[in-house]
Amino acid sequence: MTAPLRIALAGLGTVGTGVIRLIEENGAMITQRAGRPIVVTAISARDRNRDRGIDLAAYPWFDQPEDLASLDDIDCVVEMIGGSEGTALDLARKSLASGKSFVTANKAMIAHHGMELAKAAESGNLSLRYEAAVAGGIPVIKGLRDGASANRIERVYGILNGTCNYILTAMEKHGHAFDDVLKEAQEIGYAEADPSFDIDGVDAAHKLAILAALSFGKALDFEGVEIDGIRHIMAADIGQAKALGYRIRLLGMARLDDGKLFQRVNPYLVPESHPLAHIDGSTNAVVAEGNFSGRLMFQGAGAGEGPTASAVVADLIDIARGDAGTVFAAPASAMEPCERAESGNRIGKSYIRFIVADKPGVLAEITAAMRDANVSIESLIQTEKAAEGSVLISMVTHDSRERNVARGLAALSSSTSLKAAPVVMHLLSDQD
């Protein structure tokens, strides 16, 4: 029989133990599909005595994850530690420098250091795989890198964070306030005790930067992603969007505009006719639009032990088969940095929510500021009292340049009529 692919696994949390469980349970089938066995030869984690629900006695244990990189009887290191810096990055660098292929679910590390690691892997004819880093068990990385490789991708976008999607759809279904739904999500394990990484859009931005590099063949540019999360969304926004025929979803959006790279994570109003409007709960979905393939949509569980472990082991099967290839859709050495597109140049409709003093003349003040900024208003609705002495006003603009909308809001920034900073969300269209 062909020699097994020998792996070392660093990190034994939910996903790490899921990888071991999957290899043990589906070992015969994996061997058949990979053409040789995949065996765990060494493991490492912080707490040797923690009960993880599986018997780890048969696996040699190393207290220091970095030690796995120097083992002679290892072909591939699997990293499930997390974090863009520190131990995970040290392990990645040392593994590739030692001639070991590398598999990770670490989207932060790939978003920040993917170009460096890709060049190291390709120069050593090694594999660097990260399917589990974006959208959990959905094979979107392979789909873009391989399945859509003959296409020019016009844009890639989607729902990239299950926590945010769960919160928004729960608010939609039950009419509850953001803070109440977030607390519920934390209680059932959909949100972390500190949910900032998710609800402020950073997690989705890491994934978007990776998808953009894959789609457009440009160097990763996480710093170029414009990021806004969902903390500021009110139940009233959800209701107003529904009345207009839209649903609010946190989307990551990337495209090339005249050779410049546009990347944004932002809550969007998605038309009810669009498939993404019907993605509920913690589900993820990615849409890629190719010039020959048309719209491709990848949908499924974006996190969890089973889906994420499945993606990790799928990467290991590719490595066992000898499928090295490029890390991204093009050789890393050929992926040049791309000039960033200015979002202010973009034209589209915007939803703007104001909380203002309940007094005469406020509507006139708002409309005058927008008029002076060359922003045309499609609809303007005073919906309900927001608090004692204040009301909520919702506005939808006609197609306008985003810089004009920003200029109109800047003119209102010193107004004593505004009781809170305005909230701006864009309406998803084919022009985005």
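The values are calculated or read from the model by the stated rules, or taken from the named source; none is laboratory data. Note that the structure is predicted; figures quoted are calculated from it, not measured. No Cβ is skipped: glycine too gets one built from the backbone with ideal geometry, and neighbour counts run over all protein chains shown. Areas reflect the complete protein model, heavy atoms only, side chains present, ligands, DNA and RNA absent. Shrake-Rupley method; radii C 1.70, N 1.55, O 1.52, S 1.80 Å.
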Exercise. Using the Cβ atoms and a cut-off under 13 Å, what net charge is assigned to the surroundings of Thr326, where Lys and Arg are +1 and Asp and Glu are -1?
Worked result: 0
For this session: Roll a 1.4 angstrom probe over the protein heavy atoms and tell me the percent of accessible area of region 113-154 that is carbon or sulfur.
Result: 48
For this session: Please give, to one decimal in nm, the separation of the simple spin-label points placed at Val39 and Ile377, each 7 Å out from Cα toward the Cβ.
Result: 7.3
Exercise. With every protein chain present, what is the per residue accessible area of the chain (1.4 Å probe, Å²)?
Worked result: 42
Exercise. Which of the lysines could a cross-linker span from Lys107 if the Cα-Cα distance has to be under 29 Å and same-chain partners fewer than 8 positions apart are dropped?
Worked result: Lys94, Lys119, Lys142, Lys183, Lys207, Lys218, Lys260
Exercise. Using alpha carbon centroids, what distance separates region 246-321 and region 85-145, in Å?
Worked result: 19
Exercise. How compact and how long is region 258-336, expressed as Rg and Dmax of its alpha-carbon atoms in Å?
Worked result: 16.6, 44
For this session: Evaluate the distance, in nm, between pseudo-label points positioned 7 Å from the Cα of Lys242 and of Ser429 along their respective Cα→Cβ axes.
Result: 2.6
Problem set entry | Calculated FRET efficiency for the pair Asp358/Glu25, C-beta based, R₀ 60 Å, to 0.05 | 0.45
For this session: Report the accessible area of Ser123, computed with a 1.4 Å probe over the heavy atoms of all protein chains in place, in Å² rounded to the nearest 10.
Result: 100
Seminar exercise, completed: Between the modelled labels at Trp61 and Ser84 (7 Å from Cα along Cα→Cβ) the distance in nm is 3.3
For this session: Please give the FRET efficiency for Glu223 paired with Ala420, using the beta carbon to beta carbon distance and R0 = 30 Å, rounded to the nearest 0.05.
Result: 0.55
Exercise. How do His278, His113 rank by accessible surface area computed with a 1.4 Å probe, from largest to smallest?
Worked result: His278, His113
Exercise. Given a cut-off of under 8 Å on Cα pairs at least six residues apart, what relative contact order in percent is computed for the chain?
Worked result: 16
Exercise. What shape does region 32-74 take by its C-alpha gyration tensor, where a ≥ b ≥ c are the square roots of the eigenvalues and a/c under 1.5 counts as rounded, a/b above b/c as prolate, and the rest as oblate?
Worked result: oblate
Exercise. For region 337-403 and region 18-50, what is the separation of their Cα centres, given in Å?
Worked result: 54
Problem set entry | Prolate/oblate/rounded label for region 1-129 (Cα gyration tensor, a/c 1.5) | oblate
Exercise. How would you order 128-134, 36-42 from highest to lowest mean count of nearby Cβ atoms within 10 Å?
Worked result: 128-134, 36-42
Exercise. Using a 1.4 angstrom probe and counting only protein chains, how large is the accessible area of Arg346 in Å², to 10?
Worked result: 20
Exercise. Given only helices, namely DSSP H runs of n ≥ 4 each adding -39500 (n - 2.57), what is the per-residue ellipticity at 222 nm of the chain, to the nearest 500 deg cm²/dmol?
Worked result: -10000 deg cm²/dmol
Exercise. Counting Lys +1, Arg +1, Asp -1, Glu -1, what net charge surrounds Glu365 among other residues with beta carbon under 12 Å of its beta carbon?
Worked result: +1
For this session: Using a 1.4 Å probe and counting only protein heavy atoms, arrange Ser415, Ser273 so the residue with the most accessible area comes first.
Result: Ser273, Ser415
For this session: Classify region 377-429 as rounded, prolate or oblate, taking a ≥ b ≥ c as the square roots of the eigenvalues of its Cα gyration tensor: rounded when a/c is under 1.5, otherwise prolate if a/b is larger than b/c and oblate if not.
Result: oblate
Exercise. Farthest toward the dipole's positive end in the chain, which of Thr367, Leu89, Gly53, given Cβ charges of +1 (Lys, Arg) and -1 (Asp, Glu) about the Cα centre?
Worked result: Thr367
